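Below is one structure, written out as structure tokens; comments come after it.
The values are calculated or read from the model by the stated rules, or taken from the named source; none is laboratory data. The structure displayed is predicted, hence computed values, not measured ones. Cβ coordinates were reconstructed from backbone atoms using ideal geometry, including for glycine residues, and neighbour counts include every protein chain displayed. For accessibility, only protein heavy atoms count, side chains too; no ligands or nucleic acids. Shrake-Rupley method; radii C 1.70, N 1.55, O 1.52, S 1.80 Å.
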Amino acid sequence: MWIIIAFFLAHWYLSAFSQTFFLHRYASHMMFTMNKFWERFFFIFTWIAQGSSYLSAKSYAMLHRMHHAFADTEEDPHSPKYTHNFFRLMWDTRSIYNRINRGKMEIEERFRKNVPSWDSFEKFAHNNLSRIMWGGFYIGFYILFAEHWWLYFLLPIHFVMGPFHGVIINWFSHKFGYRNFKDVKDTSTNFLPFDFLVMGECYHNNHHKFGFRPNFGGIRWHEIDPTYIIIKILNRLNIIQLKPVHMAG
């Protein structure tokens, strides 16, 4: 039993970290820089961490930049203001993401500028064969180590781990929680005490106020952003370089 639980938690938190660190704070907002070796390392890391729900850094970044530019308007790619439930939000977001990823949606230059890309790798990582491979791995792991039938209820979450994290942020962090900055002209909230699930992402109102600040927490004493702690360590190790304007956090 404990092997399955440890495996589930590892997949959950590695996937959440890759999304907030690499796809969100790096690819979308360029809060820090890294050399080409480390960029490709984190491309591969994100593929391993997200597995069957792997998201393209390039497509994610363009989608997310649109969200900030059009937050809670009809042009927002994932606003709960214009969807009836979070299942519909997930479906609509997936549809727009796929159109961007397949080059079937015209994207403004400001959303395309300097997005990281590794097209040859993503031809392999972002296709159905890769997703089937990861799905087979998850199923095989459960067959080998799941000692109780109820553990199989965790299995479907592995297949949609990335979208599952996304809906926590894009649905619940626009509907529940508190707002440090009521002047932010959208419905973003800080969805506590559930931020431990997504490693800083639930400080959504803070992030919408200071879109390029790498520390999503830190406005109140209890707002601890675990990903920012890791960012500071990686910066100290010279794996990444925080931009001077962001050094104070």
Considering residues of region 179-204 that are among the aliphatic types (A, V, I, L, M) and in a loop (DSSP other than H, G, I, E, B) only, the residue nearest to SER79 (Cα to Cα): VAL184
List every residue pair whose Cβ atoms sit under 8 Å apart, with the two residues 6 or more apart in sequence or on different chains, where the first one lies in region 1-17 and is within 15 Å of THR46 (Cβ to Cβ) and the second, anywhere, is of a type in the set (D, E, K, R) and in a loop (DSSP other than H, G, I, E, B). ALA16/GLU201
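Residue by residue through region 96-106, note down the ones that are loosely packed, with under 13 Cβ neighbours inside 10 Å and part of a loop (DSSP other than H, G, I, E, B). Give the derivation first.
Step one: filter region 96-106 for residues loosely packed, with under 13 Cβ neighbours inside 10 Å, giving 98, 102-104, 106.
Across region 96-106, the qualifying residues are ARG102, GLY103, LYS104, GLU106.
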I'm trying to understand the selection: among the residues of region 160-191, which are closer than 23 Å to SER56 by Cβ and open to solvent by 40 Å² or more (accessible area, probe 1.4 Å)? VAL160, PRO163, PHE164
Filter pass, THR93 being surrounded by 15 or more Cβ atoms within 10 Å (Cβ to Cβ), closer than 26 Å to LEU129 by Cβ and in contact (Cβ under 8 Å) with a residue 24 or more places away in the chain: yes
Only one residue in SER56, SER79 is buried (at least 22 other Cβ atoms within 10 Å of the Cβ) and at pLDDT below 90. Which one? SER79
Selection count where residues are closer than 26 Å to PHE37 by Cα and among the basic types (Lys, Arg), scope region 194-249: 4
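Quick check, is THR227 within 30 Å of ILE3 (Cβ to Cβ), out of contact with any Leu (no Cβ under 6 Å at 6 or more places or on another chain) and either of a type in the set (Gly, Ala, Ser) or in contact (Cβ under 8 Å) with a residue 12 or more places away in the chain (or both)? Don't jump to the end; show me each part of the working.
Numbers: within 30 Å of ILE3 (Cβ to Cβ): yes; out of contact with any Leu (no Cβ under 6 Å at 6 or more places or on another chain): yes; either of a type in the set (Gly, Ala, Ser) or in contact (Cβ under 8 Å) with a residue 12 or more places away in the chain (or both): yes.
When the stated conditions are applied, THR227 passes them.
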What's the total number of residues in region 1-17 that are small (Gly, Ala, Ser), farther than 13 Å from GLY200 by Cβ and in contact with a helix residue (DSSP H, G or I) (Cβ under 8 Å, 6 or more places away or on another chain)? 1
I need a count of the residues in region 192-210 that are open to solvent by 20 Å² or more (accessible area, probe 1.4 Å), within 16 Å of the chain's Cα centre (by Cα) and of a type in the set (Phe, Trp, Tyr). 2
